[in-house]
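The values are calculated or read from the model by the stated rules, or taken from the named source; none is laboratory data. Every value quoted in this text rests on a predicted model; they were computed, and no experiment measured them. Note that each Cβ is placed from the backbone with ideal geometry, even for glycine, and that neighbours are counted across all protein chains shown. Calculation scope for accessible area: heavy atoms of the full protein, side chains included, ligands and nucleic acids excluded. Shrake-Rupley method; radii C 1.70, N 1.55, O 1.52, S 1.80 Å.
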Amino acid sequence: MNNSVTNTGRLLWAGLRALLVLTLACGVIYPLAVTGVAQALFHDKANGSEIRSEGKVVGSSLIGQRYDLPLKKGQETAEPDLKWFQPRPSNGLGENTVNTRYKLILSGATNLSGDNKDLIGQVRAAQQAVIKDNTTATYEVDKADVPADAVTSSGSGLDPDISPAYAELQVHRVAERNHLPVNEVRQLVKAHTDGRVLGFMGEPRVNVLELNVALRDLAAKG
């Protein structure tokens, strides 16, 4: 009986020591080491890829956001503030108390098929809005000029980027609304256009938040 109790005690002590060692190694030392390496070598990414403007964090380069006017009385959906470059739509999983578009706890695609009537209606409405919003006194948007990312949401609904084609389509409207020369705004887009990763992966893209921060600085100088 005594030997059995002694052996049980030894096993319990051995198990407790293993638990303490693994907790210290895996729960304290390893996370601290990973955090330290991340902060030392990838400080920006480790802290959420924050973008700052005028000394304040205005968002992340990894997550898209809206640029809307304040809601008016009786409005359910805010109108876009057309002095800024606009992101692609963010329909995702639909809009409800959890998913409020670009302020998402959940993210995902609509999973609607290409011939779904609701999706077709959304795309057509978005296309008409893009044509209307970006046509100016000196520039008329043609239906064929509207790129796919201007009328469809991404798989996550959180895409921070738009295509160079969609950014270019918005140049005349942004220039007019901010009283800037079209060529200056066009050069701003080119300066903030990123090419394919490693030259062959993905597509060229423009980060909307970074572009709008640069636009704010340009407008302030102008």
Could you tell me whether any residue of the range 53-73 is of a type outside the set (K, R), within 30 Å of D194 (Cβ to Cβ) and not assigned by TED's automatic domain parsing to the domain that holds N212? no
Based on what the data block shows, is A191 in contact with a Lys or Arg (Cβ under 9 Å, 6 or more places away or on another chain), in the same structural domain as A129 (by TED's automatic domain parsing) and not acidic (D, E)? no
Please indicate, with yes or no, whether at least one residue in the range 167-186 is aliphatic (A, V, I, L, M) and either open to solvent by 50 Å² or more (accessible area, probe 1.4 Å) or not assigned by TED's automatic domain parsing to the domain that holds G64 (or both). no
Residues that are surrounded by 10 or more Cβ atoms within 10 Å (Cβ to Cβ) and in contact with a helix residue (DSSP H, G or I) (Cβ under 8 Å, 6 or more places away or on another chain), at least 2 per element: which helices (runs of 4 or more DSSP H) completely within the range 1-84 meet that? 30-41, 43-46
Pairing a residue in the range 127-146 that is within 16 Å of E176 (Cα to Cα) and among the charged types (D, E, K, R) with any residue that is modelled with pLDDT of 95 or more and part of a helix (DSSP H, G or I), where Cβ atoms lie under 7 Å and the two sit 6 or more apart in sequence or on different chains, gives D133/R173
Given the condition more than 18 Å from D161 (Cα to Cα) and out of contact with any Asp or Glu (no Cβ under 7 Å at 6 or more places or on another chain), answer yes or no: does some residue in the range 57-64 qualify? no
Any residue that is without any contact (Cβ under 8 Å) to a residue 40 or more places away in the chain and over 16 Å from R66 (Cβ atoms) - is there at least one of those in the range 158-168? yes
Residue count, the range 144-163, condition of a type in the set (A, V, I, L, M) and open to solvent by less than 20 Å² (accessible area, probe 1.4 Å), comes to 3
Among the numbered conditions (1) open to solvent by 10 Å² or more (accessible area, probe 1.4 Å); (2) touching a residue at least 24 places away in the same chain (Cβ under 8 Å); (3) of a type outside the set (A, V, I, L, M, F, W, C), tell me where G202 comes up short. (2)
